[in-house]
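Data first, discussion second: the structure below is written as structure tokens.
The values are calculated or read from the model by the stated rules, or taken from the named source; none is laboratory data. What you are looking at is a predicted structure, and each value in this text was computed from that prediction instead of being measured. Here Cβ is always computed from backbone atoms with ideal geometry, including for glycine, and neighbour counts include all displayed protein chains. Keep in mind that these areas ignore ligands, DNA and RNA; they rest on the heavy atoms of the full protein, side chains included. Shrake-Rupley method; radii C 1.70, N 1.55, O 1.52, S 1.80 Å.
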Amino acid sequence: GLRWVCVMLLVEIPWASRVWALPFLSVLAPSERYAAKRGRRHKKITEWAWQLLLVVRRWYPQRQIVAVADRAYASLKLLDRCRKLSDPITFITRLRLDAALYEPAPPRRPGQLGRPRLKGERLPNLSVVAQDPTTLWKPTTIANWYGSGERTVEIASQTAVWYSTGLFAVPISWVLIRDPDGGVKTQALLCTDLKADPRKIVGWFGRRWQLDVTFQGGRSD
């Protein structure tokens with residue numbers, strides 16, 4: 001049971017009509033039990049991911065980098081680090097429907113004392129937003145929906161601050177995705193680029209499915 005954290009380049013191959021995930025940087029991430037048995041400090045996979053992303057950023061200091069990962073990497077600390085780089089890395093991952101989202105902190109008044117606020121008022125959970133009849137849904141066509149080809153879904157999007165007590169307050173753009181046919185449960189994504197087009201966010205995340213295909217093909221070989 002070896003666990004690897006891999007960075008892959010998601011490349012669209014026109015003649016193949018698909019996206020290929022090409023691994024180019026990997027690191028072995030021992031489990032917490034493995035570290036405990038050997039008296040070593042355990043490093044979380046989000047810490048390994050941060051180190052790998054820093055390497056890629058050093059290799060390409062001016063290139064736009066969009067990192068797409070599954071929910072295991074939905075770490076406030078990791079997201080905050082990526083967005084605070086001098087050349088930020090855009091991070092996209094899943095977001096829990098019950099994540100604590102808030103309005104941005106109100107501007108400070110002249111002469112106001114005390115520490116600056118990290119967030120504003122609490123917003124409804126995305127599970128509530130998904131059921132709200134006033135939520136505005138927009139049909140969007142996704143080129144590669146979990147490997148099943150072109151698919152039309154409905155999306156709703158807004159910006160918010162994701163915060164957890166004692167951790168970081170991270171501004172995000174969230175996207176709710178609803179399958180009008182009911183074949184897939186409603187899910188949410190987050191993106192650290194507040195100006196990113198929601199359709200691009202969904203399209204970028206849809207490419208992540210190719211990572212699983214790469215791992216499956218590697219095991220079968």
Has region 39-50 got any residue that is in contact with a Leu (Cβ under 9 Å, 6 or more places away or on another chain), open to solvent by less than 100 Å² (accessible area, probe 1.4 Å), of a type in the set (S, T, N, Q) and under 24 Å from Ala196 (Cα atoms)?
yes
Hits in region 161-179 (condition: more than 15 Å from Pro116 (Cα to Cα) and in contact with a Ser or Thr (Cβ under 8 Å, 6 or more places away or on another chain))
Pro171, Ile172, Ser173, Trp174, Val175, Leu176, Ile177, Arg178, Asp179
Looking at (1) at pLDDT below 80; (2) in contact with a strand residue (DSSP E or B) (Cβ under 8 Å, 6 or more places away or on another chain), which is the only condition Trp162 fails?
(1)
So which pairs qualify, if the first residue must be in region 55-83 and closer than 12 Å to Ile45 by Cα, the second must be part of a loop (DSSP other than H, G, I, E, B) and open to solvent by less than 30 Å² (accessible area, probe 1.4 Å), the Cβ gap must be under 7 Å, and the two must be at least 6 apart or on different chains?
Ala74/Leu95
If Ala72 passes every condition in (1) surrounded by 15 or more Cβ atoms within 10 Å (Cβ to Cβ); (2) under 13 Å from the mean Cα position of the chain (by Cα) but one, which one does it miss?
(1)
Can we say Ala105 is touching a Lys or Arg at 6+ places or on another chain (Cβ under 8 Å), modelled with pLDDT under 95 and hydrophobic (A, V, I, L, M, F, W, C)?
yes
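Results for (1) touching a Cys at 6+ places or on another chain (Cβ under 6 Å); (2) exposed (fewer than 15 other Cβ atoms within 10 Å of the Cβ); (3) at pLDDT below 95; (4) closer than 25 Å to Trp20 by Cα, shown as yes or no for each residue.
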| position | (1), (2), (3), (4) |
| --- | --- |
| Ile92 | yes, no, no, yes |
| Leu97 | no, no, no, no |
| Leu101 | no, no, no, no |
| Lys119 | no, no, yes, no |
| Leu123 | no, no, no, no |
| Thr141 | no, yes, yes, yes |
| Gly147 | no, yes, yes, yes |
| Ser173 | yes, no, no, no |
Scan Gln112, Gln158, Gln131 and give me the residue that is on the phi < 0 side of the Ramachandran plot, among the polar types (S, T, N, Q) and surrounded by 14 or more Cβ atoms within 10 Å (Cβ to Cβ).
Gln158
Within region 102-117, is there a residue that is touching a residue at least 24 places away in the same chain (Cβ under 8 Å), of a type in the set (Lys, Arg) and under 18 Å from Thr159 (Cα atoms)?
no
Of everything in region 175-198 that's buried (at least 16 other Cβ atoms within 10 Å of the Cβ) and closer than 11 Å to Thr140 by Cβ, which residue is farthest from the chain's Cα centre (by Cα)?
Arg178
Flag if Trp204 is open to solvent by 50 Å² or more (accessible area, probe 1.4 Å) and either part of a helix (DSSP H, G or I) or within 20 Å of Arg81 (Cα to Cα) (or both)
yes
